[in-house]
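Undergrad: The structure that follows is given in the form of structure tokens.
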Amino acid sequence: MTLREFIEFARQAGYLVTIDKPVNPYLEMASVIAALDGRPVLFNRVVGSDFRVLSGQCSDRRYFAAALGCQVNELLFRLADAYRSPQTPPVVPREQAPCAEVTMQPVDLCRIPFLTHYQGDAGPYATAAIAIVNDPDTGPNVSFHRLLRLDSTRVAARIVERRGTDTALRKTPDDLPVAICIGLPLHVLLAASMSPAPEVDELAIAHALAPTPVTRCLTNDLYVPAEAEFVLEGRITHRTVAEGPFVDLTETWDIVRQQPVIEIDCVTHRRDAIYHALLPGMLEHKLLMGMPKEPSIYAAVNEVCRCLNVNITPGGTSWLHAVVQIEKRGPDDGRKAAEAAFRGHGSLKHVVVVDADVDIYDPNDVEWAVATRFQADKDLMVWTDQPSSSLDPSATHVPGQKSRSAKMGLDATIPWDRPRSDFQRVPLPKADLSRYL
Ligand SMILES: Cc1cc2nc3c(=O)[nH]c(=O)nc-3n(C[C@H](O)[C@H](O)[C@H](O)COP(=O)(O)O)c2cc1C
């Protein structure tokens, strides 16, 4: 499902909100998107730009399920399958690639409606952009990078240390060719947010999820999704500028850092291209950050015990907290599952392990398990001074170094040496209210 097919699906399903009044990408549009968080919103008239703006296409698990043609509770297993068996995407000639329909002459990034989201942000940011680079040793890598627009041909990118893009840049003495894509199908955005092994191309995971034809760039030998709305071709330089302040996933200010400058040499786009704006810290950001990490936790936990499901919870900013559901088959399965969860997602901070009878999507049910099945002197695990997320304001941040934090696991499964019946909810027979009301 391309971005445009998603708009049609959302229109027919009654989810889409269409706004025809002129809206300004400077602060105003972000406040409208926030007020409609969870709904896809199409802005048909954007102040200062010819391009329309779509936001919210990734703000509900139902939209992903529709895009992948499955049920919401099957999403993790579809992602896990694609993660396990990537498929090389087919190459189409540029003549057949919608992303190549128009070449912007001259390059002018100020024509593209980067939003300024929060008062105090460093400037206009692209927040739903994926960057494709070639690592000299392991090949293509795809990941998200927030982009601060500096002027008509340059952006500054937040590139987290020691991940794919940073690793490729450190190996490249000159500028590193890059292709930045904006306005993508949901399945491509999901795959771009995954962290597979370095030699795995995220676009091959995307193609395992749904058809993802690619085409070659005009000015470098990178391959991009042919259905992208915009493609910005350029070079990541080793020059840096101050990037930030910026409100990120945790809805708190991220620190200002020196970050690489990207010079854009060529912009192509679809006729009547639609720009995808993602509001930092809101549902779209949270789901895109958290959901793709659930399969890697699921895979890691299944190496040590029987994992049934994983939820990276919105309350934990969809990045720092997870609930892991297991079928307990041994006294230490809860402890082993917690340890494995941190291997499956390096930025995880706190994890709760529960049994099959606990609804991992219901925070009250998870708390009930902690209240009735957990003893802190037996079932609490704490690890100090661990590598952690740069997004957690409470962690220790030293510029250029990996952030550090304590981590905690709660084994809220039924104790192995106690009768299960002591811990199970006693069901009440369901009343047929129609007999009484
Ligand atoms: C909406 C969104 C925004 C993100 N922003 C950034 C960012 O600005 N910088 C960054 O380095 N990673 C960012 N990420 C995380 C990376 O894209 C993600 O961790 C990716 O899996 C890294 O892939 P890699 O390990 O293959 O390089 C973002 C992810 C999402 C979903």
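The values are calculated or read from the model by the stated rules, or taken from the named source; none is laboratory data. Since this is a predicted model, take the numbers as computed values, not measurements. Neighbour counts run over all protein chains shown; Cβ positions are idealised from the backbone, glycine included. SASA here: full protein model, heavy atoms, side chains in, ligands and nucleic acids out. Shrake-Rupley method; radii C 1.70, N 1.55, O 1.52, S 1.80 Å.
Undergrad: What's the extension gain from ASP272 to ALA406 if we count 0.36 nm per residue and subtract their Cα-Cα distance? Walk me through the intermediate numbers first.
TA: Working: separation 134, 0.36 × 134 = 48.24 nm, distance 4.86 nm.
So the chain would gain 43.4 nm between ASP272 and ALA406.
Undergrad: With an 8 Å cut-off on Cα pairs and a minimum separation of 6 or more residues, tell me the relative contact order of the chain in percent. Display every interim value, and only then the final one.
TA: Details: 1021 pairs, mean separation 62.2, N = 437.
Rounded, it is 14 percent for the chain.
Undergrad: Given R₀ = 41 Å, what would the calculated FRET efficiency be for LYS171 paired with ARG62, taking r from the Cβ atoms and rounding to 0.05? Walk me through the numbers on the way to the answer.
TA: Details: r = 41 Å, r/R0 = 1.00.
Rounded to the nearest 0.05, the efficiency is 0.50.
Undergrad: Another question, then. Using heavy-atom solvent-accessible surface (probe 1.4 Å) with all chains present, what is the largest-first order of LYS286, LYS402? Present the calculation step by step, with values, prior to reporting the outcome.
TA: Values: LYS286 20, LYS402 75 Å².
From most accessible down to least: LYS402, LYS286.
Undergrad: Here is a further query. What figure, in Å² to the nearest 10, do you get for the accessible area of TYR26 with a 1.4 Å probe and non-protein molecules left out?
TA: Accessible surface of TYR26 is approximately 130 Å².
Undergrad: Ok, one more. Roughly what % antiparallel, to the nearest 5, for the DSSP beta bridges in region 288-423?
TA: Of the beta bridges lying entirely in region 288-423, close to 60 percent run antiparallel.
Undergrad: Another one. Using 1/(1 + (r/R0)^6) with R0 = 25 angstrom and r between the beta carbons of ARG84 and VAL398, what's the FRET efficiency to the nearest 0.05? Intermediate values should be presented prior to the final figure.
TA: Working: r = 36 Å, r/R0 = 1.44.
Result of the calculation: an efficiency of 0.10.
Undergrad: Here is a further query. Going from most exposed to least, what order do ARG149, ARG418 have by accessible area with a 1.4 Å probe? Before the final figure, lay out each step's value.
TA: On the way: ARG149 50, ARG418 120 Å².
The ranking, largest first, comes out as ARG418, ARG149.
Undergrad: Just want to confirm a number: the relative contact order over region 288-423, from Cα pairs under 8 angstrom separated by 6+ residues, in percent.
TA: 23 percent
Undergrad: If we sort 388-397, 266-275 on the protection proxy, mean other Cβ atoms within 10 Å, highest first, what's the order?
TA: Details: 388-397: 17.3, 266-275: 20.1.
My ranking of the peptides, most packed first, is 266-275, 388-397.
Undergrad: Follow-up. Using only the heavy atoms of the protein chains and a 1.4 Å probe, how would GLU284, GLU367 rank by accessible area, largest first? Intermediate values should be presented prior to the final figure.
TA: On the way: GLU284 5, GLU367 120 Å².
Order by accessible area, largest first: GLU367, GLU284.
Undergrad: What nm distance separates the two modelled labels at GLU28 and ASP432, each placed 7 Å from Cα along Cα→Cβ?
TA: 5.8 nm
Undergrad: Any chance you could run the full-extension gain for CYS70 through HIS238? It's 0.36 nm times the residue separation minus the Cα-Cα distance, nm to one decimal.
TA: On the way: separation 168, 0.36 × 168 = 60.48 nm, distance 4.32 nm.
Stretched out fully, the CYS70 to HIS238 stretch lengthens by 56.2 nm.
Undergrad: Is the shape of the chain rounded, prolate or oblate, going by the alpha carbon gyration tensor and its root eigenvalues a ≥ b ≥ c, with a/c under 1.5 for rounded and a/b larger than b/c for prolate? Can you show the working numbers first?
TA: On the way: a/c = 1.85, a/b = 1.53, b/c = 1.21.
Prolate is the answer for the chain, as a/c is 1.5 or above and a/b outweighs b/c.
Undergrad: Now for a different question. With every protein chain left in place, what is the accessible area of VAL382 in Å² (1.4 Å probe, nearest 10)?
TA: Counting only protein heavy atoms, VAL382 exposes about 90 Å² to solvent.
Undergrad: Check cross-link reach from LYS407 to the lysines: straight Cα distance under 28 Å, and skip same-chain residues fewer than eight apart.
TA: Correct list for LYS407: LYS286, LYS293, LYS328, LYS336, LYS349, LYS378.
Undergrad: For LYS171, give me every one of the lysines with a C-alpha distance below 26 angstrom, ignoring sequence neighbours fewer than eight places off in its own chain.
TA: Result set, ordered by chain and number: LYS402.
Undergrad: Separate question: Please work out the FRET efficiency for the pair SER421 and VAL91, using the Cβ-Cβ distance as r and a Förster radius of 45 Å; give the result to the nearest 0.05.
TA: Values: r = 60 Å, r/R0 = 1.33.
For SER421 and VAL91, the calculated efficiency is 0.15.
Undergrad: Can I ask one more? Do the sum for the chain: with -39,500 (n - 2.57) for every DSSP H run of n ≥ 4, divided by all residues, what is the mean residue ellipticity at 222 nm, to the nearest 500 deg cm²/dmol?
TA: -6500 deg cm²/dmol
Undergrad: Now for a different question. With no solvent and one point per C-alpha, what does the Debye sum give as log10 I(q)/I(0) for region 288-423 at q = 0.13, 0.19, 0.22 Å⁻¹?
TA: With no solvent term, the Cα-only Debye profile gives -0.51, -1.04, -1.35.
Undergrad: When the chain is fully extended, how far beyond the present Cα-Cα distance does GLU161 get from ALA371, taking 0.36 nm per residue of separation? Each step should come with its number before you reach the end.
TA: Values: separation 210, 0.36 × 210 = 75.60 nm, distance 3.85 nm.
Value of the extension gain: 71.7 nm.
Undergrad: Classify region 69-181 as rounded, prolate or oblate, taking a ≥ b ≥ c as the square roots of the eigenvalues of its Cα gyration tensor: rounded when a/c is under 1.5, otherwise prolate if a/b is larger than b/c and oblate if not. Could you put the intermediate results ahead of the total?
TA: On the way: a/c = 1.39, a/b = 1.36, b/c = 1.03.
Rounded, because the longest to shortest axis ratio a/c is under 1.5.
Undergrad: Given Cα pairs under 8 Å that are at least 6 residues apart, what percent is the relative contact order of region 1-83? Walk me through the numbers on the way to the answer.
TA: Numbers: 92 pairs, mean separation 19.5, N = 83.
Rounded, it is 23 percent for region 1-83.
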